[in-house]
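Engineer: Next up is a structure, given as structure tokens.
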Amino acid sequence: MSHIQKITQEIVPIGSISSFSLVGDPCCKGIGTSMLRIYMETLYRAGEDDFTMILGDLVPRGYPQFYRFFENFTELAASNDIYGLRGNHDVNGYSQVLGLHNYALMARDFTIIALDNASGSFEEEGLDLTRRVLAMDDVKNVILAFHIPLPNHFKNKNVSESEADRLRAAIAEGKDKVRNIVCGHVHSRYEDVFDGIPMLCIGGGGAPLEDLNDEIKASDVRYHLCRFWLMGGKLHYHYEEIRSLGWKKESGHEILRRRIEDAIHGEMYTHLRYRVMADRAVDRGYPQIANLFRALAESEYRHARNFYLLLEHNAPLDEMMASFHTNESYLAQTHYPAISKYAYQEGAPLTSYAFDFAAKAEEIHEELLQALTDPDQYQGGTLYVCPICGNVMTSIEGHLVCDVCGYYCHSFIKFEA
């Protein structure tokens, strides 16, 4: 049985429904491991509800191969009925998979009218459907759903005032029945009011989160879904943030986890080899060859990153930074010194010195990461990295050579925000 519901009629009776979830913008920035993992997690969580609606931008482009990805991953992760809206990235091929662009889901106690404004304007057939549905005597608790928001106080990615006027005219006779307007399109989250109707913008279903404006940054918003439920004959809602991961088909599978970890190590080792080859090609005067190896190194890093994201715990940034500090402390104080000592005793001085240099650099990492206890207060500044031993310095003024290996400070790699 398919979870994706292909709409073939304008008005779809769905009976008695107690709750549903809304998910915004899963895959418009490309179908990558990170985005798919968040999307599948939201579907996993949304499975607690009677159905889920995806508020557009299901695919990066409306090509058949991308819709096949969408269908496959949605069917794997979903456990309830899935309805869609056409977003601006879905403009071709949508109908073959999800059917009509404009339709109404009519439950016993509420109605969702799904409208297509993917091109920046409402389709007339959708506005006509809105008028007809709002005129029905038994219709109540109406939610208007479409992809691109109406004009709002955030002044961000919305339809024009003239399009808003067209919608106003369509709902004029039945406006008192409309409880909420829901939309996606922006990769963030906000609430506003349109002509007295609460408007919810929900865009945390997988696509990378973005700054909304100077007040709402990407770092202020988590990936999320919005859950609606009925209580006392009225619709209520709340946002559920995607933090811990219930989807563990990969990370919870012992054999697959080992294979993924092996792939990460292999890709990162190849990344390192290509970086080294690029440096050597520069030294030998082969800039084009160096460019090739830099590109290959970046590709290998992206492979490793995709594998890593299959296993990464999706913790908040501040929690992740705290774990890095703990790891650096262990390497600097315990692990690397122990290996260095053992290697020296075994007559392997090169290994001993390599780990000794790394331990000294890790001490600096530990100090730098300690300053991240409050990310909002972190000022940072220019950093300098020794290309020989990896030592990090916050200033090279007054220093002739690296404190760890003795390389000239004027040749350090400079990092500026």
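Engineer: For the stretch 264-417, report the accessible area per residue in Å² (1.4 Å probe, heavy atoms, rounded to an integer).
Structural biologist: Using a 1.4 Å probe on heavy atoms only, each residue of the stretch 264-417 averages 68 Å².
Engineer: For a protection proxy built on the mean count of beta-carbon atoms within 10 angstrom, sort 169-181, 5-17 highest first, please. Provide the component values of the computation, followed by the final result.
Structural biologist: Values: 169-181: 16.9, 5-17: 14.2.
Result, highest mean first: 169-181, 5-17.
Engineer: Carbon and sulfur atoms: what percent of the 1.4 Å accessible area of the chain do they account for? Intermediate results must be reported in sequence, preceding the final value.
Structural biologist: Details: 11260 of 21540 Å².
With neighbouring chains kept in place, the figure for the chain is 52 percent.
Engineer: How charged is the neighbourhood of L256? Take every other residue with its Cβ under 9 Å from the Cβ of L256, and add Lys/Arg as +1 and Asp/Glu as -1. Before the final figure, lay out each step's value.
Structural biologist: Details: positive: K249, R257, R258, R259; negative: E250, E254.
Taking every Cβ under 9 Å from that of L256, the sum is +2.
Engineer: Follow-up. Can you list residues from other chains, or at least 5 along the same chain, whose modelled amide H is less than 5 Å from the amide H of M199?
Structural biologist: Amide H neighbours of M199, under 5 Å, 5+ apart: I181, D192, V193, F194.
Engineer: Right, next: Using only Cα atoms, tell me the angle between helix 124-134 and the longest principal axis of the chain; keep it within 0 to 90° and round to the nearest 10.
Structural biologist: 60
Engineer: Largest first and in whole Å, give the semi-axes of the stretch 16-92's equivalent ellipsoid, each being the square root of 5 times a Cα gyration tensor eigenvalue. Kindly include the intermediate steps, with their values, before the conclusion.
Structural biologist: On the way: eigenvalues 84, 35, 20 Å².
Semi-axis lengths for the stretch 16-92 are 21, 13, 10 Å.
Engineer: Using Cα springs under 10 Å in a Gaussian network model of the chain, which residue among M321, M393, M106 shows the largest mean-square fluctuation?
Structural biologist: Maximum among the listed residues: M393.
Engineer: Relative contact order of the stretch 281-417: what whole-number percent is it, with Cα pairs under 8 angstrom and at least 6 residues apart? Before the final figure, lay out each step's value.
Structural biologist: Working: 138 pairs, mean separation 24.1, N = 137.
Value for the stretch 281-417: 18 percent.
Engineer: Still on this structure, I have one more. Dividing the convex hull volume of the alpha carbon atoms of the chain by its residue count, what do you get in Å³ per residue?
Structural biologist: On the way: hull volume 78.3 nm³, N = 417.
Dividing the Cα hull volume of the chain by its residues yields 188 Å³.
Engineer: Sticking with this one: Rounded to the nearest 10 degrees, what's the angle between the helix 33-46 long axis and the longest principal axis of the chain, both from Cα atoms, 0 to 90?
Structural biologist: Around 40 degrees separate the two axes.
Engineer: If you build the Cα gyration tensor of the stretch 135-294 and take the root of 5 times each eigenvalue, what three semi-axes come out, in whole angstrom, biggest first? Don't jump to the answer; show the numbers that get you there.
Structural biologist: On the way: eigenvalues 473, 110, 29 Å².
Semi-axes from the Cα gyration tensor: 49, 23, 12 Å.
Engineer: Run the reach check for K414 against lysines, Cα to Cα strictly under 30 Å, same-chain hits fewer than 8 apart removed. What comes back?
Structural biologist: Of all the lysines, those that pass the test against K414 - Cα under 30 Å, at least 8 places apart if same chain - are K217, K360.
Engineer: Moving on to the next point. Express the relative contact order of the chain as a whole percentage, based on alpha carbon pairs under 8 Å and six or more residues apart in sequence. Intermediate values should be presented prior to the final figure.
Structural biologist: Working: 816 pairs, mean separation 50.9, N = 417.
Reported relative contact order: 12 percent.
Engineer: Using 0.36 nm per residue of separation minus the Cα-Cα distance, give me the extension gain between R258 and M1 in nm, one decimal. Mind dumping the intermediate values first?
Structural biologist: Details: separation 257, 0.36 × 257 = 92.52 nm, distance 3.29 nm.
Length difference between fully extended and current span is 89.2 nm.
Engineer: Counting Lys +1, Arg +1, Asp -1, Glu -1, what net charge surrounds L296 among other residues with beta carbon under 10 Å of its beta carbon? Mind dumping the intermediate values first?
Structural biologist: Details: positive: R273, R275, R294; negative: E298, E300.
Around L296, the charge tally is +1.
The values are calculated or read from the model by the stated rules, or taken from the named source; none is laboratory data. Everything quoted here is computed from the prediction, not taken from an experiment. Don't worry about glycine lacking a Cβ; one is built from the backbone with ideal geometry, like all the others, and counts go over all protein chains shown. Ligands, DNA and RNA are excluded from the accessible area calculation, which covers all protein heavy atoms including side chains. Shrake-Rupley method; radii C 1.70, N 1.55, O 1.52, S 1.80 Å.
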